[in-house]
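Written below as C-alpha cells is the structure these notes are about.
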Amino acid sequence: VPDPGLFLRAHRERAERYVMTWLRVRSGWMYMLRLKDAEVTAIPTQWWRDFLYGETGRQDRDETTRNAQRARQIMHVFRHAFDVEDVDMDPSVPPVWFNRRYPSIPASVYPKIIWEIHELGFRQELLALDRLLVPMRDQGQLEDKEERREDLLERVFPDRSLYCVRQLPERDTGGLGALLPHARVSSLEAFRRVLSRWPKCPQSIYKSGPIATNMSAEEIVQREEELARFYIQTFYDESGRAPIVPRAFPWTEDLT
C-alpha cells in the first residue's frame, strides 16, 4: 500500500488529490492483495506519487523521455494488479469510504483515512515478513498451513482481518493502538505469539509467560517495548528501511 508519509509530507492541495485517487482505487487494491497469484511486488513511492496525482496538463508528449517511459511502467504495473478501466476514476463521482461518499474530505475524516493507511501498511508488512521468516515448504499442505498462518496473525487485530480494516474502531475495541495498556493486552499477546516463531527471537519473548490483564500497566508497557524493538529491528534487517507501524485512532467527536 502507499507509504503514509506520501500523504503527510505533501502540501494540502496535493495531499487531498492523493487521498481522493486512493479512495477510488482502494477497494480494488485491497481485493487484489488477497489474491495469492496476483504477483504484485513492492511499488516505489515515486510510482505511487505519480499514480495518485493522476494525469495533468504537464504530461510529457514525447514518449521517448524518461518521464513518459516511467508513466508507461506505472500503468503496466497497476493494470497487472487490476483492470484500471474497471475502477471509477471519474472526478465528478465522489469516492466511497466506509459506506459514505465524500465530494471532499472533511478535516475530521482526513486523519482517519491516514490512520487506515498506516493500519493497512502494518498488516501487509507483518504478513510479508512472517512469510519470509516462517516459510511453508511443504507444497502438499501449503494452503492449509497458509490458512493457519493467517488465523494466527489475524488475532493481533480486533477485527480479525489481515487484508483490510473491516470497520473503524470504537473506543473500547482495543488493539495495538488502544490508548490504555490493559486494552492492548489481547493484541500484544497475539503479537508475541507471532514473533515467538521467528528466528533470533529473544528468549525473554518466546520463553516468557503470556501478557495478561493482571499485570501492571508498567509491566505491560515494558513487554510491549521489547516486542516493538524486536519487530522494528528485524524488519529493518530484512528490508533496509523502517516499517510502517500502527497508530492510535484519531478520535474526534464528529465522524462526518
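The value for the range 117-256 of Rg(Cα) / (2.2 N^0.38 Å) is 1.07. Relative to the 2.2 N^0.38 Å rule of thumb, the range 195-256 has a C-alpha radius of gyration ratio of 1.44.
Shown is the FRET efficiency for Val134 and Ala217, computed with R0 = 35 Å from the Cβ-Cβ distance and rounded to the nearest 0.05: 0.65.
Modelled label positions at Ile232 and Lys207, each set 7 Å beyond Cα in the direction of Cβ, lie 2.6 nm from each other. The H on the amide N of Trp97, modeled in the peptide plane, is under 5 Å from the matching H of Tyr102, each at least 5 residues off or on a different chain. Given a 1.4 angstrom probe, I'd like the percentage of the accessible area of the range 124-220 that is carbon and sulfur, rounded to a whole number. Whole-percent figure for carbon plus sulfur exposure: 49. If R0 is 25 Å, the Cβ-Cβ spacing of Arg34 and Arg101 corresponds to a FRET efficiency of close to 0.55.
The values are calculated or read from the model by the stated rules, or taken from the named source; none is laboratory data. Keep in mind it's a predicted model, so treat the numbers as computed, not measured. Positions of Cβ are generated from backbone atoms using ideal geometry, with glycine treated the same way; all protein chains shown enter the neighbour counts. All accessible areas refer to the heavy atoms of the entire protein, side chains included, with ligands and DNA or RNA removed. Shrake-Rupley method; radii C 1.70, N 1.55, O 1.52, S 1.80 Å.
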